[in-house]
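Inspection log for the structure reproduced underneath, given as structure tokens.
The values are calculated or read from the model by the stated rules, or taken from the named source; none is laboratory data. These numbers come from a predicted model, not from an experiment. So basically every Cβ, Gly included, is an ideal-geometry build from the backbone, and we count neighbours across all protein chains shown.
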Amino acid sequence: MFEEDIMAGKWLHLTEIDPEEDAAVEATWTCNSRYRLLMEYDLPRGYIAGEMKKYYETCLEKSDSRRREFYFAMRANTDNRFAGVFTIPSVEWTNRAAQFCIGFGEQADLQNWGDEAFRIALRYMFTELNLYLVTIHIPQFFPEMVEMAENAGLQLSARRREAVYYNGRRWAALHFSMLLPEWQALQNGGH
């Protein structure tokens with residue numbers, strides 16, 4: 001039922017974030033520092049449900065007024081379960097460029113649906129938003145996300161050495177990007 005929809009794939013679909021229910025679930029995910037660093041949240045600790053709710057209420061209000069930020073829940077097609085988050089925290093409309101984030105609360109969901117999440121996110125950004133350049137930052141200590149970005153066709157475009165502190169050591173922040181012509185070539189069967 002979702003396969004032809006721009007905001008859905010075979011296993012996942014995008015919906016609006018529900019600041020009540022989704023924020024309470026995501027707050028539990030932020031207790032995992034890997035998730036928190038991947039999503040680039042500012043607090044050096046997990047969020048509590050009320051903080052996450054307030055965060056999304058503020059973000060959604062800014063999104064409605066400025067149209068430079070976008071926030072989506074990723075839900076399983078089978079049961080509509082909230083499985084992850086796809087955000088575009090900043091669009092530079094003049095340059096048709098944006099940064100985006102993808103995160104899953106459970107490792108199994110990332111492994112099962114991460115590749116599809118990247119496909120849906122890229123399709124949305126390049127077709128619906130008509131962007132030319134998209135970028136995602138992935139900490140070096142997250143090899144599963146690095147692999148999924150590469151599988152989606154994103155290319156390593158920058159490495160900020162020792163920019164992320166995790167688990168007692170410093171890691172590089174890897175910046176992956178894709179241009180519209182590269183995405184179009186992939187859609188047409190090119191490499």
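Odds and ends about this structure:
- So V91, is it surrounded by 16 or more Cβ atoms within 10 Å (Cβ to Cβ), outside any helix (DSSP H, G or I) and in contact with a Leu (Cβ under 8 Å, 6 or more places away or on another chain): yes
- Residue in segment 19-34 that is among the β-branched types (V, I, T) and free of Cβ contacts under 8 Å to residues at least 12 places away in the same chain present: no
- Within segment 1-31, considering residues that are under 16 Å from the mean Cα position of the chain (by Cα) and of a type in the set (S, T, N, Q), the one surrounded by the most Cβ atoms within 10 Å (Cβ to Cβ): T30
- Restricting the first member to segment 52-76 and to residues that are under 23 Å from E92 (Cβ atoms) and of a type outside the set (F, W, Y), and the second to residues that are part of a helix (DSSP H, G or I) and at pLDDT below 95, the beta-carbon pairs closer than 6 Å and six or more apart or on different chains are E69/K62; E69/S63.
- Of all residues in segment 30-45, none satisfies the criterion of being outside any loop (DSSP other than H, G, I, E, B) and either in contact with a Lys or Arg (Cβ under 7 Å, 6 or more places away or on another chain) or at pLDDT 95 or above (or both).
- Single match in T78, T58, T94, T87 (criterion: within 18 Å of R123 (Cα to Cα) and among the polar types (S, T, N, Q)): T87
- Flag for L60 being surrounded by 19 or more Cβ atoms within 10 Å (Cβ to Cβ) and either at pLDDT 90 or above or not in a loop (DSSP other than H, G, I, E, B) (or both): no
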